[in-house]
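Have a look at the structure below before the remarks.
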Amino acid sequence: MSTSDPVIRMKLIDTIQQLGVGHHFEKEILEILENLTQVLPDDNLNTVALCFRLQRHNGLHASPEVFRKFINANGEFKMSSSDDIETLLSLYEASYLGANGEDILTHTKEFTTRQLERLVYELSPKLRTKVLLSLGLPRHLRMTRLEARRYIEEYGNEDHHNPIVLELAKLDYNNVQSLLRRELTEVTRWWKDLVQMSNLSFVRDRHRECFLWTVGLLPEKKYSSGRIELAKIIAILLIIDDIYDIYGSYEDLLLFTKAIRRLDLSEMEQLPEYMKICYMALYNTTSEICNKVLKEHGLSVQPFLLQTWIDMVEAYMVEVEWVKSGTIPTFEDYIRNGITTSGTCMALVHLFFLISEGITQENVRHLLDPYPKFFSLAGTILRLWDDLGTSKEEQERGNVASSIQLLMREKNITSEEEGRKQILELINRLWKDLNAELVTTNALFLPMIRVALNISRTSQVVYQHNEDSYLTSVENQVQNLFFKSIDI
């Protein structure tokens, strides 16, 4: 970055990260952001808000007190004009990186939301579109690859865009997309072999959805092998989920749960045929990951991976017992169990071993015994978004009541719309806790916290939709991410 102007540098960082090419400049970006507050003018609210957002987004400490000087005695922001849209937007986006207890950022979010909603329909069409997008889905909550694709088009239409940066973004996007297509081809081949061997009529063809999840969690090019392995794990998880939800008899599920507790091929003999191939796929995929970690890091991780699967099937059995006995769980019990059945902890543990560098016994102990708070935060957000997106389909299948119905029952809420609204408010509070983890947890685990954030982002992308089925939404995202390239 040739310019020495800190404001220009900061805006360039924001641009290249939104375009999805920040991974090429990670070291340079971190060096600039670490020293930014010493050289940046602190009398411009727009600039201060952008600096705060970039520092927090990149895992650096940034105090919300920097906004205090801009608030007058009436609690209003001192702005050159209350209609200063760019400053309002910058403040609004920064507020979404606030943590619980940071009242100044809560106030900032309320103030900027109110002002932007008041002004939005007085704006030019281009600016109105930008504001409506942010009000609907703030930058901090957007899925990285989808946002890169969207912003490349928007950036190209800006009057003062940098043509070199734009060309880099387009080339990089298409290059990574080509890699993702090859990865998807490998996952598809593996999936077809599995389905052909298993001959399971109930298996839904969801391997593309599985791969969409892995790209949401691991958007960086360097994590290619991690995406492929995780897609296989998620696909197996979805088959097992359907076995417990739909297909398996109670007696068969007891046998399968017992077999998973040991994860030994000798246990397969007692399983019915429709469970054997799934069990074998789980055994083989887990063994591949264990061998990979043993070769690269000299650690035996089978006990940690196996425990995630034991936790999963035992949590599934809890739901089976609820349905069988007609038990209606409390909202708290449902969420506690649902964090596990969401697959979040399972995915994070597997990814810790697949993508982390410098894995040691001490690091493993710090991260996995017990699981850190950000595991359960991301898991709760995923469970709640899953319920918001699929509760009607799940209820039609006779599954246990979702978080929406349970919350309505406990709080005597008669309107489902109000129940959904309160679930969204809970998700907002959970995001604040997750933001706190981003800047307070050991820097060694920052890659894993980023994955937890990406789980939460991808949950919203997958499950927040207007169609009758979330699968329609998933297929639209698959087409955009993997098959529609960008014209250079």
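Restricting to region 327-373, and then to whatever is small (Gly, Ala, Ser) and not in a helix (DSSP H, G or I), can you tell me which residue is nearest to ALA231 (Cα to Cα)?
Ranking the qualifying residues of region 327-373, first place goes to GLY343.
Looking for something touching a Pro at 6+ places or on another chain (Cβ under 9 Å), under 21 Å from ARG150 (Cβ atoms) and surrounded by fewer than 18 Cβ atoms within 10 Å (Cβ to Cβ) - is there at least one such residue anywhere in region 16-34? So that I can check it myself, show each step before the final result.
Here is the first cut: in region 16-34, the residues touching a Pro at 6+ places or on another chain (Cβ under 9 Å) are 20, 23, 32.
Those left that are additionally under 21 Å from ARG150 (Cβ atoms): 20, 23.
Checking which are surrounded by fewer than 18 Cβ atoms within 10 Å (Cβ to Cβ) leaves us with 23.
The answer is yes, given that some residue of region 16-34 is touching a Pro at 6+ places or on another chain (Cβ under 9 Å), under 21 Å from ARG150 (Cβ atoms) and surrounded by fewer than 18 Cβ atoms within 10 Å (Cβ to Cβ).
Limited to region 256-275, what total is found for residues that are at pLDDT 90 or above and buried (at least 16 other Cβ atoms within 10 Å of the Cβ)?
Residues flagged as at pLDDT 90 or above and buried (at least 16 other Cβ atoms within 10 Å of the Cβ) within region 256-275 amount to 6.
What are the residue pairs meeting all of these: first residue in region 416-434, first residue under 12 Å from ALA99 (Cβ atoms), second residue assigned to a helix (DSSP H, G or I) and basic (Lys, Arg), Cβ atoms under 9 Å, and 6 or more apart or on different chains?
Here the result reads ASP433/LYS373; LEU434/LYS373, each pair linking region 416-434 to a residue that is assigned to a helix (DSSP H, G or I) and basic (Lys, Arg).
Kindly evaluate ASP43 against the criterion of being surrounded by fewer than 17 Cβ atoms within 10 Å (Cβ to Cβ) and of a type outside the set (S, T, N, Q).
yes
Does region 276-297 contain at least one residue that is of a type in the set (Ser, Thr, Tyr), over 21 Å from LEU194 (Cα atoms) and buried (at least 20 other Cβ atoms within 10 Å of the Cβ)?
Scanning region 276-297, I find no residue that is of a type in the set (Ser, Thr, Tyr), over 21 Å from LEU194 (Cα atoms) and buried (at least 20 other Cβ atoms within 10 Å of the Cβ), so the answer is no.
Any residue in region 381-402 that is closer than 27 Å to TYR244 by Cα, hydroxyl-bearing (Ser, Thr, Tyr), crowded, with 22+ Cβ neighbours inside 10 Å and at pLDDT 95 or above? First the steps, then the outcome.
Let us first name the residues in region 381-402 that are closer than 27 Å to TYR244 by Cα, namely 381-402.
Filter again for hydroxyl-bearing (Ser, Thr, Tyr), leaving 390-391, 402.
Still in the running and crowded, with 22+ Cβ neighbours inside 10 Å: 402.
With the extra rule that they be at pLDDT 95 or above, the set shrinks to none.
Scanning region 381-402, I find no residue that is closer than 27 Å to TYR244 by Cα, hydroxyl-bearing (Ser, Thr, Tyr), crowded, with 22+ Cβ neighbours inside 10 Å and at pLDDT 95 or above, so the answer is no.
Which one of these is at pLDDT below 95, charged (D, E, K, R) and under 24 Å from the mean Cα position of the chain (by Cα): ASP205, ASP172?
Answer to the selection: ASP205.
Could you grab the pairs with beta carbons closer than 8 Å, sequence gap of 6+ or different chains, first residue in region 70-81 and part of a loop (DSSP other than H, G, I, E, B), second one at pLDDT 80 or above and charged (D, E, K, R)?
ASN72/LYS78
For region 162-171, does any single residue satisfy the condition of being among the basic types (Lys, Arg), free of Cβ contacts under 8 Å to residues at least 60 places away in the same chain and at negative phi?
no
The values are calculated or read from the model by the stated rules, or taken from the named source; none is laboratory data. Quick caveat, the model's predicted, so the values are computed rather than measured. Glycine also receives a Cβ, built like all others from the backbone with ideal geometry; neighbour counts cover every protein chain displayed.
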